[in-house]
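Structure record follows, encoded as structure tokens.
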Amino acid sequence: MGAMTAATTPKGERRRSRLIAAAGELLLEGGFDAVRHRAVADRAQLPLASTTYYFGSLDDLMAEAAGFVSRADEQAIVDRGEAVARRRRGSHATAEILADVFVGENTPHDELAARYEMIALTPRYPRLYDVVAARRATLAATHLVVLDRSGRLARAAHIENLIAIEDGAVLGALGSGSSPAGATRDALGEVVDVLAPRVEEPR
């Protein structure tokens, strides 16, 4: 029985899922350097050979770990976005709600670091491009939801600019030990009226 066939059996799927979850935990704890065959097998409490049986290469395993971590992060962002009440917001309130949704006051710093390590490593590990692209699509769609519920307009190019500002603010905060959500809120407050202007109310 080949590896692909074995992986599609219920037992094979469970083992593969355990390995991916273990790899995701290691990624959050120690970054991509922590995702190694032996460490993943030990964390999943499975034989070392299972890592090469269910994954064609270490790059494949790292991509699956990145996808696992990214999907959990994206779902948390989507859930926060869906919880935003529909209300016209000024610049400060809009910056605050965007920071709350896309950064989160309580998001652990290791999860935030994993976002940006993933992006930085895409040239070295091309399998990560798909994970990063899926994430950006989710972020763009959720920005539209939040801005619409805040009585604001935003074109696709402007949403890309907002995401870039958020990313820069979070990275700067992580490097200085300050609050990522606070830094994002401050950065967005300066530009949100330009990049996401209010919808004019009908007279």
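Listed options for Rg/Rh (Cα atoms, Kirkwood Rh) are (i) 1.07; (ii) 1.24; (iii) 1.03. The value calculated from this structure is the one marked (i). State which helices in the chain qualify, where a helix is a whole DSSP H run, it must extend 18 Å or more along its own axis by its Cα atoms, and its mean Kyte-Doolittle hydropathy must be at least 0.0. Span-like helices, by this rule, are 128-149, 156-176. Think of it as helices only: each DSSP H run of n ≥ 4 in the chain is worth -39500 (n - 2.57), and spread over all residues that comes to -23000 deg cm²/dmol at 222 nm. Placing THR142, THR9 in order of accessible area, with the largest value first and a 1.4 Å probe, yields THR9, THR142. Accessible surface computed residue by residue for the chain, with neighbouring protein chains in place and a 1.4 Å probe, gives 52 Å² per residue.
Considering only C-alpha atoms, what is the centroid distance from the stretch 152-203 to the stretch 56-109, in Å? So the separation of the two Cα centres works out to 14 Å. Around the amide H of ARG152, modelled in the peptide plane, lie the amide H atoms of VAL199, all under 5 Å away and 5 or more residues distant in sequence or on another chain. Among GLY81, GLY24, GLY151, whose mean-square fluctuation peaks in a Gaussian network model of the chain (Cα, cutoff 10 Å)? Sorting by GNM fluctuation, first place goes to GLY151.
In the stretch 61-201, the portion of solvent-accessible area held by carbon and sulfur atoms comes to 55 percent [1.4 Å probe, whole percent, DNA, RNA and ligands not counted].
Across all Cα pairs in the stretch 129-199, the calculated P(r) in 5 Å bins from zero up to the longest distance comes to 3, 17, 23, 24, 19, 11, 3, 0 percent per bin.
The values are calculated or read from the model by the stated rules, or taken from the named source; none is laboratory data. Computed from a predicted structure; not experimentally measured. The accessibility values were calculated without ligands, DNA or RNA, using every heavy atom of the protein model including side chains. Shrake-Rupley method; radii C 1.70, N 1.55, O 1.52, S 1.80 Å.
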